[in-house]
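Novice: The structure under discussion is supplied below as structure tokens; questions concerning it will follow.
The values are calculated or read from the model by the stated rules, or taken from the named source; none is laboratory data. Every value quoted in this text rests on a predicted model; they were computed, and no experiment measured them. Note that each Cβ is placed from the backbone with ideal geometry, even for glycine, and that neighbours are counted across all protein chains shown. These accessible areas exclude ligands, DNA and RNA; they are computed on the full protein's heavy atoms, side chains included. Shrake-Rupley method; radii C 1.70, N 1.55, O 1.52, S 1.80 Å.
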Amino acid sequence: MAQQEEVFKKIVSHAKEYGFVFQSSEIYDGLSAVYDYGQNGVELKNNIKRYWWDAMTLLHENIVGIDSAIFMHPTIWKASGHVDAFNDPLIDNRDSKKRYRADVLIEEEIARLDDKIEKEVAKARKRFGESFDEDLFRQTNPRVAEIAATRDALHERFAQAMNDNNLDELRQIIIDREIVCPISGTRNWTEVRQFNLMFKTEMGSTADGAMTVYLRPETAQGIFVNYLNVQKTGRMRLPFGIAQIGKAFRNEIVARQFIFRMREFEQMEMQFFVRPGEELKWFAQWKEWRLKWHKALGLGDQKYRYHDHEKLAHYANAATDIEFEMPFGFKEVEGIHSRTNFDLSQHEKFSGKNIKYFDPELNESYVPYVIETSIGVDRMFLSVLCSSYEEQALEGGDKRVVLHLPAPLAPVKCAVLPLVKKDGLPEKAREIVNDLKFDFATRYDEKDSIGKRYRRQDAIGTPFCITVDHQSLEDNTVTLRHRDSMEQTRVAIADLHRLIHDNVSLTSLLRRLG
Ligand code: ATP
């Protein structure tokens, strides 16, 4: 784990050094858990968004997009339950004065017990070698059974406390498990309190009696309150979906792990409206489709897992997370929720408007049920970045840092490099740039040795470098260098467009989704 933490630190500084992610307001010493995306970061982020948007709206003829405002009528948040129930349980350590989420402290304790079990299994695997029967060992080893029993009991107690919103019990679990503050090492804990995560601000001048409004903590509500507008104007029939990408804001108690948990972040959410009673079928379908979308990127199938929820949010009747293996463990990147008809019914109740759907096939009106897929752009960005980063030792003792970004997501698709800065090579290189730039993010670079220029492109994950040399002037060929293999092939300038396109187009990725 320590080694993984080292790698993560390197990734964070790499992200800064190469213009992917900067701390917000850095020259004023930063603003905690707020980040800015730099020149390469914004391109990568846009490509992720484009991949999601196209997968939703091009591949499904019954999904359309919207872009709703961040500010919404404050009653919406009353109706959705966010004013009363969008809370995190927080606890302070009196010695370090550090604040924690009580649920996260307990979840980490459960993860430690899981780790212990895995260590026992790993030890036994080493001891028994070839003949090791892992399933049998897990079932019969007394030490493993003991840890598993403790873990399960803790988990059950925790789930119960969360379901009951029992703050005293959460504190008691922390005390009973002797969980210490990682900073002070003490168990000097305060009571557990509820903390609402929504940011508030005021709209209108105070003289007129300003209205308290919230920065939206999720984009979903903008979809719910527009669902009938879209259904009617788009002549949509159930089942249909509405997709949206936009900023969301949460006053997170503990800001950690770089862009994993931010106070201002971006979500890609899709609400899929279905007939009541069909929601679990669609939930299973979206679980499968969404994992396929992730896996098509080729970051490694073993890096994903589902995590089904036991504690369901107040609105859900089934929920799962897609978790990704970050350097700091498996973490939620996307949530898939069967939200029942909770939100729409609430809006019907609070607004006093009829927002039922008339089903022409059944000849009846009802409030649709909803399946939600909700993914954080920034967490997706982090998973792509972390799994792409590699420090490679090269032959001859050389080293390079390379980002093996999926080519369709790479900020720059190709760099055109004249071997030397004279003899007409720069002019020839510019001609190539001027041809390719209409279809691909193309860079021109003539500064420093060719080796250094390759390294610079590797570090930002550029899939192709095109090198123009003296032979290019004679026969209109160039070398095409592939980022991952570093293999160089001689190709005709006339073929460049096709060769690059085949590799970097989003279409190739979308086709994998069928
Ligand atoms: P967590 O348990 O990590 O706080 P959540 O379950 O509250 O997350 P959801 O409300 O399901 O998250 O939000 C959907 C998605 O939005 C998450 O899967 C995640 O990718 C993203 N997300 C949520 N909170 C943040 C945050 N503070 N910073 C970045 N992304 C976030």
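Novice: Would it be correct to say that L385 is within 30 Å of K287 (Cα to Cα), within 16 Å of the ligand (Cβ to nearest atom) and at pLDDT 95 or above?
Specialist: yes
Novice: I've got another one for you. Quick one: which helices (runs of 4 or more DSSP H) lie wholly within region 35-119 and hold at least 3 residues that are within 26 Å of A255 (Cβ to Cβ), within 21 Å of the chain's Cα centre (by Cα) and not aliphatic (A, V, I, L, M)?
Specialist: Answer list for region 35-119: 39-57.
Novice: Looking at K331, K353, K349, which one is farther than 30 Å from I466 by Cβ, away from the ligand (no atom under 14 Å from the Cβ) and in contact (Cβ under 8 Å) with a residue 24 or more places away in the chain?
Specialist: Being farther than 30 Å from I466 by Cβ, away from the ligand (no atom under 14 Å from the Cβ) and in contact (Cβ under 8 Å) with a residue 24 or more places away in the chain holds for just one of K331, K353, K349, which is K349.
Novice: Additional query: List every residue pair whose Cβ atoms lie under 8 Å apart, where the two residues are 6 or more positions apart in sequence or sit on different chains, the first residue falls within region 459-480 and is among the acidic types (D, E), and the second residue, located anywhere, is outside any strand (DSSP E or B).
Specialist: Between residues of region 459-480 that are among the acidic types (D, E) and residues that are outside any strand (DSSP E or B), the close pairs are D469/L419; D469/L425.
Novice: Here is a follow-up. Among the numbered criteria (1) of a type in the set (D, E); (2) away from the ligand (no atom under 11 Å from the Cβ); (3) open to solvent by less than 30 Å² (accessible area, probe 1.4 Å), which single criterion is violated by D321?
Specialist: Result: D321 passes all but (2).
Novice: Now for a different question. Looking only at region 148-165, decide whether some residue is part of a helix (DSSP H, G or I), of a type in the set (V, I, T) and in contact with a Phe, Trp or Tyr (Cβ under 9 Å, 6 or more places away or on another chain).
Specialist: no
Novice: If only one of R94, R138, R101 is farther than 30 Å from R193 by Cα and out of contact with any Lys or Arg (no Cβ under 8 Å at 6 or more places or on another chain), which one is it?
Specialist: Within the list R94, R138, R101, the selection yields R138.
Novice: Also, quick follow-up: Could you list all residues from region 72-129 that are of a type in the set (G, A, S) and open to solvent by 20 Å² or more (accessible area, probe 1.4 Å)?
Specialist: Across region 72-129, the qualifying residues are A85, S96, A111, A122, G129.
Novice: A further question on this structure: Give, as residue ranges, the strands (runs of 3 or more DSSP E) completely inside region 191-262 that count at least 3 residues that are more than 15 Å from the ligand (Cβ to nearest atom) and open to solvent by less than 10 Å² (accessible area, probe 1.4 Å).
Specialist: Where strands (runs of 3 or more DSSP E) fall fully within region 191-262 and carry at least 3 residues being more than 15 Å from the ligand (Cβ to nearest atom) and open to solvent by less than 10 Å² (accessible area, probe 1.4 Å), they are 240-249.
Novice: Does region 12-48 hold any residues that are in contact with a strand residue (DSSP E or B) (Cβ under 8 Å, 6 or more places away or on another chain), surrounded by fewer than 20 Cβ atoms within 10 Å (Cβ to Cβ) and under 19 Å from P463 (Cα atoms), and which are they?
Specialist: Listed by number, the list holds a single entry, H14.
Novice: Could you check P368 against (1) within 30 Å of A319 (Cα to Cα); (2) within 27 Å of the chain's Cα centre (by Cα); (3) of a type outside the set (S, T, Y); (4) more than 16 Å from the ligand (Cβ to nearest atom) and say which number it fails?
Specialist: (2) is the only condition that P368 fails.
Novice: If I go through region 494-514 residue by residue, how many of them are under 25 Å from R455 (Cβ atoms) and open to solvent by less than 40 Å² (accessible area, probe 1.4 Å)?
Specialist: Looking only at that region, the number is 3.
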